[in-house]
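The values are calculated or read from the model by the stated rules, or taken from the named source; none is laboratory data. Note that this is a predicted model, so its numbers are computed, not measured. As a convention, Cβ positions derive from the backbone with ideal geometry for all residues, glycine included, and neighbour counts pool all protein chains shown. With ligands, DNA and RNA removed, areas are computed over all heavy atoms of the protein, side chains included. Shrake-Rupley method; radii C 1.70, N 1.55, O 1.52, S 1.80 Å.
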Amino acid sequence: MDAALLHASTSHPDPTISLAPPTPEIRLRKLVDEREKMIEQVKKLKAQLEQKTPRNGTENTLSPDGEILENGNDPNVMELQRDSNRQISDFKFKLVKAEQEVTALEQNVTRLEGQVTRYKSASENAEKVEDELKAEKRKLQRELRSALDKVDEVESNNSHLSKRLEKMKSTRGMAQTP
């Protein structure tokens with residue numbers, strides 16, 4: 001289990017109340033849990049359906065008088081059969097609905113997995129670009145420092161040459177005024 005998912009699920013006593021927006025991993029986990037519950041419900045419904053089906057077959061029953069009655073002749077049996085058929089129809093409907101929900105959830109899981117893959121890829125590309133930009137920034141900062149050092153050196157050299165020129169002018173000026 002992902003550490004972030006574990007932290008998110010244990011950070012609050014009620015996992016249905018979230019303090020932060022759910023991450024794709026948390027939503028994916030919830031969908032997977034819901035899918036598992038639906039599958040379990042489908043299995044239970046199938047088991048119930050299988051239990052009901054053999055009992056409602058073409059069995060012969062004994063009447064209270066001890067004689068054999070065929071299904072359909074006794075009103076109680078007919079009522080039970082109608083109820084059973086109604087329950088079977090309900091269970092079949094619920095089964096179909098649950099299978100549709102499972103299919104929809106599987107499609108959601110597939111879609112979310114695709115999104116996670118795209119987001120991871122985009123994140124990796126962004127990190128790569130960020131690293132390249134940081135390297136370029138360091139290179140430009142080195143070049144800037146080097147250029148500033150050269151400017152300081154040229155200014156210093158210019159100042160030195162200006163002082164020498166002034167000194168030479170003053171010496172020449174003194175030499176011309178006797």
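Could you check region 116-138 and list, in sequence order, the residues that are over 31 Å from the mean Cα position of the chain (by Cα) and open to solvent by 90 Å² or more (accessible area, probe 1.4 Å)? Can you show your working first?
Our first condition is that a residue be over 31 Å from the mean Cα position of the chain (by Cα); within region 116-138, this holds for 135-138.
If the condition is that a residue be over 31 Å from the mean Cα position of the chain (by Cα) and open to solvent by 90 Å² or more (accessible area, probe 1.4 Å), then 137, 138 are the ones that fit.
Would it be correct to say that residue 105 is within 30 Å of residue 23 (Cβ to Cβ), open to solvent by less than 100 Å² (accessible area, probe 1.4 Å) and in a helix (DSSP H, G or I)? Please lay out each step first, then the result.
On the way: within 30 Å of residue 23 (Cβ to Cβ): yes; open to solvent by less than 100 Å² (accessible area, probe 1.4 Å): yes; in a helix (DSSP H, G or I): yes.
Yes, satisfied.
Looking at (1) loosely packed, with under 11 Cβ neighbours inside 10 Å; (2) modelled with pLDDT under 95; (3) part of a helix (DSSP H, G or I), which is the only condition residue 84 fails?
Status for residue 84: all satisfied but (1).
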